[in-house]
Amino acid sequence: MSLINKRHHFFALFLAAILFIVTAIPTHAASASSSGDVVVRVKVGSTQMTINGEKLTIEAPFVSGGTTLVPISVFTNAKGFGAKVKLTGKSIQLTYQGHTIVVTKDDKAATMDGKKVTLVAAPVVKKGVTMVPVTAIAKAFGIKYSTDSSTKELVLSGAAAGSTTTSTNINTDAGKTQIGDSYFQWTINYPTGLIQEYQSSNGDVLVFRDIKKQFFLQIAVEDATELMTTEDIRAHLLRYVSKGETLVDKRTVTTATGTTYEKIVTKDKNGFFFEFRGTQTNKFLYTTIYGKTAANLAEFNAVGSILDSFKTSFNRSNKSIKDLTKIIDGFKVFLNSDFALAVSLPKDWKEDEESSYPYYEYEDAYMFMDVTSLEAGDTASAWAKRMTDRFEQLFAAEYGKIVEQKDITWNGVPAKVVKLRYSYDLTNWWEEYEVFAIKGNYRYYTEFAYPEKMASKKGVSFDQLINTMSVDFKFIESNFGLITDEYESKDRLTKVVQTNNDRGYQITVPKYWGKDEAKDEEGLEYYYFPGGLIFIGAMSDQGNPQAIISNISSNLQLRTNGSSLVKILSNSTVDFAGATATKIVVEDKSNVKVSPQVETWYLFSRNGHVYVVGGIYSLANGTPYVISQMEDALKSFTLTR
């Protein structure tokens with residue numbers, strides 16, 4: 001739902017800057033695929049790793065920068081994936097199934113198959129053990145990863161050490177003498193005897209090798225609308241050169257047809273030569289790399305290079321060219337093997353590689369699909385009704401509306417579609433489509449949402465998107481177990497008493513509310529719920545409680561100075577928790593980064609402390625349901641000493 005799935009939603013407090021995240025998409029993941037030869041299981045905080053059931057002791061994985069870091073041995077252990085590792089200073093080179101990754105300790109910059117990338121979190125050394133971001137490495141190696149919802153373990157599956165992955169032999173197309181990419185506008189002669197080992201999701205990087213690993217070919221294309229100098233292109237080529245390689249040739253080459261390219265040749269310590277070429281045209285920078293073993297540079301040059309056949313053009317009428325493009329009419333197909341999902345999206349969309357379910361985004365627009373287990377007797381219509389009822393519970397009528405509900409066919413099964421329109425500030429509006437479908441023992445939920453200002457920019461309509469989605473239901477039935485819908489299964493009726501013995505108070509709140517255990521420097525703690533939060537704090541009265549209360553009241557009043565967007569709705573003296581309290585209610589629409597909100601503050605002193613108790617709710621979520629839950633919680637606040 002819209003309120004639950006937005007990535008970030010902020011609430012402002014004067015006493016502390018609160019980053020309040022209201023998106024809580026339930027994280028479900030498929031069981032590990034059994035197709036690989038190796039299954040590795042690790043868990044955050046646990047010193048145990050299992051490889052095909054065998055228990056090993058490791059440094060415990062931990063979370064940093066929103067991603068999990070694991071010991072490098074998760075990938076290098078010879079009993080498992082057996083990735084080869086080479087250390088050079090702070091740099092670490094990992095090689096597995098023809099893929100090469102170079103990372104650097106304490107640095108987010110990395111290269112994957114020669115292409116520069118930025119990691120979510122930098123590798124670090126912990127107790128003498130190198131820890132690396134697991135999802136980035138697994139993704140680059142083609143190792144499948146998921147989360148076991150029952151054990152909370154991260155499950156990785158892939159080929160065992162020494163085995164080979166399935167590659168594409170490009171020589172299987174009779175009559176084809178060239179390969180190329182019609183979108184990126186290039187062609188090259190068939191690299192005879194080479195196997196396509198890797199292709200990026202949008203086709204901008206291709207890697208070929210022979211079975212014996214004696215020859216190497218890579219073609220990479222990047223956007224380059226600004227004119228690059230010779231020095232710029234050479235500097236770009238040098239980014240591909242690994243440490244320890246010797247530069248043996250560097251020049252500008254002009255061909256018989258008048259085109260020019262920059263050329264660099266290097267040699268590594270094993271006698272492997274690499275030729276790098278770079279040329280700019282078609283608003284692209286083309287980088288081609290050819291490598292092979294040779295006794296010396298003369299021998300390397302003597303045979304001639306396949307790169308001589310590389311052209312920055314593509315003749316669509318030439319039937320002898322095999323088109324390897326992944327972008328057709330501006331769209332590319334994303335494949336998620338864990339969920340057996342294929343979906344076609346505009347070329348500028350990206351996959352969130354850290355997500356445990358298929359999630360794709362372009363600027364603020366996004367779409368995702370999730371799978372949960374079906375409960376007996378449930379239907380798509382009943383499921384959609386529960387979710388729309390929840391939407392109306394959480395969105396004020398002025399801010400959110402159910403625009404349309406209709407029946408469609410999705411992947412060959414009946415489905416219910418709900419279209420929503422909502423805003424958090426009455427200025428920036430969102431449109432959201434939700435699809436509810438049931439097949440076999442599972443429910444399939446798809447969400448597609450975007451700001452209305454991106455309606456034409458997002459590049460794909462709902463009908464286009466839904467018609468390109470394809471899910472293998474048999475795969476889901478065979479590979480998934482019980483996947484509980486954490487959002488729907490929340491107990492929203494039961495209430496619990498939360499007690500703070502140190503500060504001497506307790507409060508009764510719904511069981512499903514979240515609690516921020518970490519207190520800020522003012523001693524505040526928070527209970528948050530969809531649409532708002534409760535804050536509670538207690539500080540020493542320093543012998544002058546009234547001065548502290550007056551100071552806080554004055555600061556709240558100062559927020560209205562010079563701004564018509566902040567209003568004091570009321571300022572009164574009331575009885576609260578058995579004490580005489582100052583109650584101040586503030587409406588704040590001043591912060592463009594924060595949803596307009598209403599704040600209720602109770603300020604009073606007791607037992608040598610000044611207490612600050614209150615609640616905040618977004619105006620967009622100011623429904624009777626949300627307000628009453630907040631007010632009931634505040635009314636339950638009592639002092640225990």
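The values are calculated or read from the model by the stated rules, or taken from the named source; none is laboratory data. These numbers come from a predicted model, not from an experiment. FYI the Cβ positions are ideal-geometry reconstructions off the backbone, even for glycines, and counts take in every protein chain you see. Side chains included, ligands, DNA and RNA excluded: accessible areas come from the protein's heavy atoms. Shrake-Rupley method; radii C 1.70, N 1.55, O 1.52, S 1.80 Å.
Highlighted here are the strands (runs of 3 or more DSSP E) found entirely within the stretch 348-465 that include at least 2 residues which are open to solvent by less than 50 Å² (accessible area, probe 1.4 Å) and in contact with a His (Cβ under 8 Å, 6 or more places away or on another chain): 365-373. What do you reckon, is residue 409 touching a Ser or Thr at 6+ places or on another chain (Cβ under 8 Å) and of a type in the set (S, T, N, Q)? So residue 409 does not fit the description; no.
Among strands (runs of 3 or more DSSP E) entirely within the stretch 500-602, having at least 3 residues that are under 38 Å from the mean Cα position of the chain (by Cα) singles out 505-510, 514-516, 525-529, 532-540, 579-588.
Any residue at all in the stretch 156-178 that is crowded, with 16+ Cβ neighbours inside 10 Å, more than 29 Å from the chain's Cα centre (by Cα) and modelled with pLDDT of 85 or more? Yes.
Here the condition is being open to solvent by less than 20 Å² (accessible area, probe 1.4 Å) and at positive phi; of 66, 82, 53, 45, it holds for 82 alone. Where in the stretch 172-265 are there strands (runs of 3 or more DSSP E), lying wholly inside it, with at least 1 residues that are of a type in the set (Gly, Ala, Ser)? Here the list reads 178-181, 215-223. Filtered by the rule that a residue be assigned to a loop (DSSP other than H, G, I, E, B) and in contact with a strand residue (DSSP E or B) (Cβ under 9 Å, 6 or more places away or on another chain), the stretch 112-133 gives 113, 114, 119, 120, 121, 122, 123. Of everything listed in (1) of a type in the set (Phe, Trp, Tyr); (2) without any contact (Cβ under 8 Å) to a residue 60 or more places away in the chain; (3) more than 30 Å from residue 330 (Cβ to Cβ), the single unmet condition for residue 216 is (2). Out of curiosity, is residue 499 among the polar types (S, T, N, Q), at pLDDT 90 or above and within 24 Å of residue 576 (Cβ to Cβ)? For residue 499, the condition - among the polar types (S, T, N, Q), at pLDDT 90 or above and within 24 Å of residue 576 (Cβ to Cβ) - is met. If you go through the stretch 100-110 and keep only what is open to solvent by 20 Å² or more (accessible area, probe 1.4 Å) and not in a loop (DSSP other than H, G, I, E, B), you end up with 100, 102, 104, 107, 108, 109. Picking from residues in the stretch 198-230 that are in contact with a Lys or Arg (Cβ under 8 Å, 6 or more places away or on another chain) and among the β-branched types (Val, Ile, Thr), the one that is nearest to residue 187 (Cα to Cα) is 205.
Of all residues in the stretch 529-587, those satisfying the criterion of being open to solvent by less than 20 Å² (accessible area, probe 1.4 Å), over 16 Å from residue 612 (Cβ atoms) and touching a residue at least 40 places away in the same chain (Cβ under 8 Å) are 529, 531, 532. Which of the numbered conditions does residue 633 fail, given that it passes all the others? Conditions: (1) in a strand (DSSP E or B); (2) crowded, with 16+ Cβ neighbours inside 10 Å; (3) among the small types (Gly, Ala, Ser). Evaluating residue 633 over (1) in a strand (DSSP E or B); (2) crowded, with 16+ Cβ neighbours inside 10 Å; (3) among the small types (Gly, Ala, Ser) leaves (1) as the failure. Consider residue 185 carefully, then state whether it is open to solvent by 20 Å² or more (accessible area, probe 1.4 Å) and either touching a Cys at 6+ places or on another chain (Cβ under 9 Å) or modelled with pLDDT of 90 or more (or both). So residue 185 passes the test. Please name all residue pairs, on different chains or six or more residues apart, with Cβ atoms under 7 Å, provided the first residue is in the stretch 612-624 and is under 18 Å from residue 513 (Cβ atoms) and assigned to a helix (DSSP H, G or I) and the second residue is of a type in the set (Gly, Ala, Ser) and open to solvent by 10 Å² or more (accessible area, probe 1.4 Å). Filtered contacts from the stretch 612-624: 621/396. Cβ separations smaller than 8 Å between residues 6+ apart or across chains give the following pairs from the stretch 123-137 residues that are under 16 Å from residue 94 (Cα atoms) to residues that are open to solvent by 40 Å² or more (accessible area, probe 1.4 Å) and among the acidic types (Asp, Glu): 123/106; 123/107; 124/106; 135/353; 135/354; 136/353.
Within the stretch 596-614, the residues that satisfy the criterion of being open to solvent by less than 10 Å² (accessible area, probe 1.4 Å) and over 23 Å from residue 422 (Cα atoms) are 601, 603, 604, 610, 611, 612, 613, 614. A single entry from 532, 615, 562 fulfils the requirement of being of a type outside the set (S, T, N, Q) and modelled with pLDDT under 90: 562. Annotation: of all residues in the stretch 300-347 being without any contact (Cβ under 8 Å) to a residue 12 or more places away in the chain and assigned to a loop (DSSP other than H, G, I, E, B), the one that is least open to solvent (accessible area, probe 1.4 Å) is 304.
The set of residues in the stretch 88-99 being touching an Asp or Glu at 6+ places or on another chain (Cβ under 8 Å) and either within 19 Å of residue 122 (Cα to Cα) or not in a loop (DSSP other than H, G, I, E, B) (or both) consists of 90, 99. For the stretch 603-640, which positions are of a type in the set (Val, Ile, Thr) and under 33 Å from the mean Cα position of the chain (by Cα)? Across the stretch 603-640, the qualifying residues are 616, 623, 626, 627.
Could you tell me whether the stretch 377-390 includes any residue that is more than 20 Å from residue 490 (Cβ to Cβ) and of a type in the set (Lys, Arg)? No, the stretch 377-390 has no match at all.
Contact annotation: residue pairs with Cβ atoms under 6 Å, 6 or more positions apart or on different chains, pairing a residue in the stretch 173-195 that is farther than 12 Å from residue 313 by Cα with a partner that is of a type in the set (D, E, K, R) and in a strand (DSSP E or B), are 173/322; 176/322. Within the stretch 66-87, residues that are under 19 Å from residue 55 (Cα atoms) and outside any helix (DSSP H, G or I) reach partners that are open to solvent by 70 Å² or more (accessible area, probe 1.4 Å) and among the acidic types (Asp, Glu) with beta carbons closer than 7 Å, at six or more positions or on different chains, in the pairs 79/54. Pairs linking a residue in the stretch 201-213 that is without any contact (Cβ under 8 Å) to a residue 60 or more places away in the chain and of a type in the set (Asp, Glu) to a residue that is part of a loop (DSSP other than H, G, I, E, B) and open to solvent by 20 Å² or more (accessible area, probe 1.4 Å), with Cβ atoms under 6 Å and 6 or more positions apart or on different chains, are 210/193.
It is to be established whether one or more residues within the stretch 136-154 are at pLDDT 85 or above, among the acidic types (Asp, Glu) and either over 18 Å from the mean Cα position of the chain (by Cα) or surrounded by fewer than 18 Cβ atoms within 10 Å (Cβ to Cβ) (or both). Taking every residue of the stretch 136-154 in turn, at least one turns out to be at pLDDT 85 or above, among the acidic types (Asp, Glu) and either over 18 Å from the mean Cα position of the chain (by Cα) or surrounded by fewer than 18 Cβ atoms within 10 Å (Cβ to Cβ) (or both).
Taking the condition more than 21 Å from residue 183 (Cα to Cα), open to solvent by 40 Å² or more (accessible area, probe 1.4 Å) and in a loop (DSSP other than H, G, I, E, B), does residue 270 pass? Against the criterion (more than 21 Å from residue 183 (Cα to Cα), open to solvent by 40 Å² or more (accessible area, probe 1.4 Å) and in a loop (DSSP other than H, G, I, E, B)), residue 270 qualifies.
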